[in-house]
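The values are calculated or read from the model by the stated rules, or taken from the named source; none is laboratory data. Small disclaimer: the values here were computed from a predicted structure and weren't measured. So basically every Cβ, Gly included, is an ideal-geometry build from the backbone, and we count neighbours across all protein chains shown.
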Amino acid sequence: MAGLEIHPLSELRSEAAALLAERYARQRAAEPLLPDETDFLEHVPENGVAATRGCDLVAYLGGAVEDDMAYTRLAGVAASEPEAIRDLFGALSPTFGVSRFMVFVPASEPALVDAFFRLSFGRSATLAVQEAQALPAQPGVTVRESAPTDLRTIAELDQMLYAQLAESPSYSGLTVPSLEDCERDATDLWEENDNRYWSFIAESDGEPVGLAVMYRRPAGDLRIGDDTVDLAFAATTPAARGSGAGVALTHHVLTWAHERGFRAVSIDWRETNLPASRFWPKRGFRPTYVRLYRAVP
């Protein structure tokens, strides 16, 4: 068998696009809600390395540094020989000049995920999707569209989630913002003629117990299509957990998305956010990509 040879990705971008197309075809066979993409060359990273065996491209890995972390995005890796990814990471990672690495890998490519696990990466987050669909309302909880008068409630739930993620076992490192900062960030939820955000309040006995925010995420990144809306934020008050408030919000936004003509609803969660990592798969969301992370001491 011919040995593995490593080249600059810039020399083999067309071949890399073909390898990405093969990977993505497998992804869509596993999850048809992924967008129907045909032009893969534009997605291949500019910076990276590629591995050949004989005359065949067998893997590539690309990415870029943002702040103090090197990112490999949704189209940044593909392989017919996943083991070659370990060689490529060994060649590429020193060129970044950082000690923190984040990689997005298709959830439907277990051999590729395993190659990164054996490079000491861990699974930090999951991207997922499910069909928009009409689901029954839940008893005891009502859900309505939010209004500017809900600003303080929204800010409190936003701050609560930041605080939860800062604690063990998430250790997000994020600074918990003030209520005033949270209010300032939430004001764009009601901008006129802004067809990007929709927000919903869950109430029990007339008291707010939860919030969901839908976001029209820009398409074109091999994650979502024009017919997908993102469940960008969801939280319930600690006292309401286990009461059905989260299920009521989920059923409401899936039904709302269906009625608005969306085909799918996407979402993501941190795996160290224990309630979210257990709740969303039970609600029917199917993984599309996993986000892997490594920090070198």
- prompt: Any idea which residue in region 1-28 is nearest to residue 90 (Cα to Cα), counting only those that are part of a strand (DSSP E or B) and in contact with a strand residue (DSSP E or B) (Cβ under 6 Å, 6 or more places away or on another chain)?
  reply: 6
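Of the residues that make up region 155-175, is at least one assigned to a loop (DSSP other than H, G, I, E, B), charged (D, E, K, R) and under 25 Å from the mean Cα position of the chain (by Cα)? Lay out the reasoning, then the answer.
So in region 155-175, the residues assigned to a loop (DSSP other than H, G, I, E, B) come out as 167-175.
Remaining after also requiring charged (D, E, K, R): 167.
Keeping just the survivors that are under 25 Å from the mean Cα position of the chain (by Cα) gives 167.
Yes, because at least one residue in region 155-175 is assigned to a loop (DSSP other than H, G, I, E, B), charged (D, E, K, R) and under 25 Å from the mean Cα position of the chain (by Cα).
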field: Among the candidates 15, 22, 31, 11, residue that is assigned by TED's automatic domain parsing to the domain that holds residue 108 and without any contact (Cβ under 8 Å) to a residue 40 or more places away in the chain
entry: 11
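Given 253, 213, 209, 247, which one is in a strand (DSSP E or B), at pLDDT 95 or above and not charged (D, E, K, R)? Please lay out each step first, then the result.
On the way: 253 fails: in a strand (DSSP E or B); 209 fails: at pLDDT 95 or above; 247 fails: in a strand (DSSP E or B).
Matching residue, one of 253, 213, 209, 247: 213.
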message: Against the definition (touching an Asp or Glu at 6+ places or on another chain (Cβ under 7 Å), part of a loop (DSSP other than H, G, I, E, B), within 19 Å of residue 270 (Cα to Cα) and not assigned by TED's automatic domain parsing to the domain that holds residue 77), how does residue 223 come out, yes or no?
response: no
field: Any hit, region 155-163, residues being within 21 Å of residue 283 (Cβ to Cβ), modelled with pLDDT under 90, in the same structural domain as residue 272 (by TED's automatic domain parsing) and surrounded by 15 or more Cβ atoms within 10 Å (Cβ to Cβ)
entry: no
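Let's see how each residue does on (1) at pLDDT 95 or above; (2) among the polar types (S, T, N, Q); (3) in contact with an Asp or Glu (Cβ under 7 Å, 6 or more places away or on another chain):
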position	(1), (2), (3)
218	no, no, no
229	yes, no, no
243	no, yes, no
259	yes, no, no
281	yes, no, no
296	yes, no, no
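Looking at 72, 52, 38, which one is among the β-branched types (Val, Ile, Thr) and more than 28 Å from residue 98 (Cα to Cα)? Spell out how you get there, then give the answer.
Values: 72 fails: more than 28 Å from residue 98 (Cα to Cα); 52 fails: more than 28 Å from residue 98 (Cα to Cα).
Result of the check over 72, 52, 38: 38.
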- request: Output the residues belonging to region 264-285 that are over 14 Å from residue 251 (Cα atoms) and either in a loop (DSSP other than H, G, I, E, B) or not assigned by TED's automatic domain parsing to the domain that holds residue 244 (or both).
  value: 271, 272, 273
- request: Only residues in region 236-247 that are hydroxyl-bearing (Ser, Thr, Tyr) count as the first member; pair them with residues that are modelled with pLDDT of 90 or more, Cβ under 6 angstrom, at least 6 apart or cross-chain, and list the lot.
  value: 236/209; 236/210; 236/245; 236/246; 237/209
query: Which one is nearest to residue 161 (Cα to Cα), of the residues in region 204-226 that are surrounded by fewer than 18 Cβ atoms within 10 Å (Cβ to Cβ) and more than 17 Å from the chain's Cα centre (by Cα)?
result: 207
statement: Note on region 253-297: residues in contact with a helix residue (DSSP H, G or I) (Cβ under 7 Å, 6 or more places away or on another chain) and within 12 Å of residue 214 (Cα to Cα) are 265, 267
field: Tally of residues being among the β-branched types (Val, Ile, Thr) and under 30 Å from residue 210 (Cα atoms) across region 95-147
entry: 5
statement: If we ask which residues in region 48-74 are more than 14 Å from residue 104 (Cα to Cα) and crowded, with 16+ Cβ neighbours inside 10 Å, their number turns out to be 9
